[in-house]
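The values are calculated or read from the model by the stated rules, or taken from the named source; none is laboratory data. Everything numeric in this text was worked out from a predicted model, so none of it was measured. Cβ coordinates were reconstructed from backbone atoms using ideal geometry, including for glycine residues, and neighbour counts include every protein chain displayed.
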Amino acid sequence: MTDGQIFEKLLGLIREYANDDSIINKDTLLENDLGITGDDAYDLIIKISKVFNLNISAFNFSNYFAPEPHIFPIVLPPRKKELSVGDILDAIQIGQLV
């Protein structure tokens, strides 16, 4: 599969979970730009890992994504990292998302 084909396939997966029809490029952030968070982010990363045979065993979701909203507000420490489409493409190339 070429880099362009990988990118297009990844875009198709991301669009299934994105809130709108935003323009998506390598710098697009999954949570901040596309609103992919909580269970949707978890499901998307799992799906990407299966489609691209990507090892995610060392990936810590809570470092990148907020949890699902709750009835009672929960005070959580701020996330330290942002995950971009380019980060996922790089991970696909090496076979591991950390």
* Can you tell which of I71, I88, I94 is more than 12 Å from the chain's Cα centre (by Cα), modelled with pLDDT of 95 or more and either surrounded by 14 or more Cβ atoms within 10 Å (Cβ to Cβ) or of a type outside the set (G, A, S) (or both)? -> I94
* Out of I36, I56, I24, I48, report the one residue that is out of contact with any strand residue (DSSP E or B) (no Cβ under 8 Å at 6 or more places or on another chain) and modelled with pLDDT of 95 or more. => I48
* Structure fact -> Subset of the stretch 33-42, residues hydrophobic (A, V, I, L, M, F, W, C) and assigned to a helix (DSSP H, G or I), comes to A41
* Would you please name the residue that is farthest from I92 (Cα to Cα), looking only at residues in the stretch 1-32 that are touching a residue at least 60 places away in the same chain (Cβ under 8 Å) and not in a helix (DSSP H, G or I)? => I24
